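Written out below as structure tokens is the structure these notes cover.
The values are calculated or read from the model by the stated rules, or taken from the named source; none is laboratory data. Predicted model only: the values in this text are computed from it and were never measured. For neighbour counting, all protein chains shown are included, and Cβ atoms are generated from backbone atoms with ideal geometry for every residue, glycine included.
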Amino acid sequence: MSTPADKKIKTWQRAGAVVLALSVWQAASWAVGSALLLPGPVTVLGRLCALAVTSTFRRAVAFSFCRIAGGFALALVLAFVLAEWVGAALPWLMSAAAGCMVCVTAQEMIPEAVEPDEVAGVISIVLGFALMMALDVAL
């Protein structure tokens with residue numbers, strides 16, 4: 001449980017982090033030396049205050065917010081639809097993924113097993129995979 005002293009310390013730490021970030025930003029702005037390439041925080045704050053009172057700025061912010069919220073809502077709906085659709089095919093997709101993993105393991109990680117004269121290597125991989133699948137289903 002947090003004590004009031006801990007909360008004060010965290011508040012001061014957060015404030016210190018903000019001051020540090022703004023100081024680094026200002027120092028970088030001075031180092032670049034061009035307000036066009038990297039304006040400082042004071043310049044940006046002044047411009048924001050000047051723009052905030054205009055209706056064009058408020059409309060642009062509202063339009064951007066609506067686009068972001070609309071995109072999020074569309075992604076949410078598509079995720080639910082695709083999850084429902086993929087749910088029925090999930091066992092088949094997982095089987096295909098398992099087959100791909102076995103193939104990659106056999107060809108890339110155990111290259112000796114797939115050489116033309118090494119039939120025993122391929123058979124041992126297939127039997128090992130079949131044993132693991134049988135144990136997986138049985139247990």
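Some notes on this structure:
- Selected residue (only one of 81, 42, 102, 32 is farther than 30 Å from residue 128 by Cα, touching a residue at least 12 places away in the same chain (Cβ under 8 Å) and out of contact with any strand residue (DSSP E or B) (no Cβ under 7 Å at 6 or more places or on another chain)): 42
- Some residue of the range 80-97 being surrounded by 10 or more Cβ atoms within 10 Å (Cβ to Cβ), among the polar types (S, T, N, Q) and not in a helix (DSSP H, G or I): no
- The residue list 130, 50 contains one member that is over 33 Å from the mean Cα position of the chain (by Cα), farther than 30 Å from residue 22 by Cβ and aliphatic (A, V, I, L, M), which is 130.
- Subset of the range 81-125 [of a type in the set (S, T, N, Q) and modelled with pLDDT of 80 or more]: 95
- For residue 39: the one exception among (1) surrounded by 10 or more Cβ atoms within 10 Å (Cβ to Cβ); (2) in a helix (DSSP H, G or I): (2)
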